[in-house]
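The values are calculated or read from the model by the stated rules, or taken from the named source; none is laboratory data. This is a predicted model, so every value here is computed, not measured. Methodologically, a virtual Cβ is constructed for each residue, glycine included, from the backbone with ideal geometry; neighbour enumeration extends over all protein chains shown. Only protein heavy atoms, including side chains, enter the accessible area calculation; ligands, DNA and RNA are left aside. Shrake-Rupley method; radii C 1.70, N 1.55, O 1.52, S 1.80 Å.
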Amino acid sequence: MRFGPYHIDQQRQQVFRNGTPLHLRGKVYQVLILLLQRQGEVVTREELKHALWPAGTHVNYETNTNTTVNKLRQALSESTNKLSYIETIPRRGYRFAGTMEFSEIPFPTMRPPNSPTAGTIDAGRHQEAPKSGASGSHKLPAMIAVTLILAGMLLGATAATYWITHFA
């Protein structure tokens, strides 16, 4: 799906603005998809409640719905003075007010500016993740966390062994 400078890859559940990925996750992403699927129609607050929270969930629906829609507006860089994509229908719900189009094939994605072929468009193919560099930087925090967990387990085992041998 595409509207304005945004396109959505529903298979990967990712939203891009001018080729740059946005971090819309969870309920914020679900609200966007629901509004886009019902383009031009009012999505009532009750429909959002049923779509976002299973029956029996104990949350403040009004506050959480408002917060979720506000996060979506913020992610789409909408100001409160000029709401171009999400229209509030007072006491009823929300409506996607933009123009959106569907495509069976992925929309072209801009390559990152530091790419050797910056400015060219990837003609519908999925971009491959870099083989080193950026992907390695995402692994570093995970490796540190695993190392700290293992060190903690080793320290705990050592303390338990000491306790058992000296005080048992």
(request) Would you tally the residues in the stretch 8-39 being modelled with pLDDT of 85 or more and either among the acidic types (D, E) or under 30 Å from P90 (Cβ atoms) (or both)? (result) 18
(message) Out of the residues in the stretch 26-76 meeting the condition of being open to solvent by 50 Å² or more (accessible area, probe 1.4 Å), outside any helix (DSSP H, G or I) and in contact (Cβ under 8 Å) with a residue 12 or more places away in the chain, tell me which one is farthest from F3 (Cα to Cα).
(response) E41
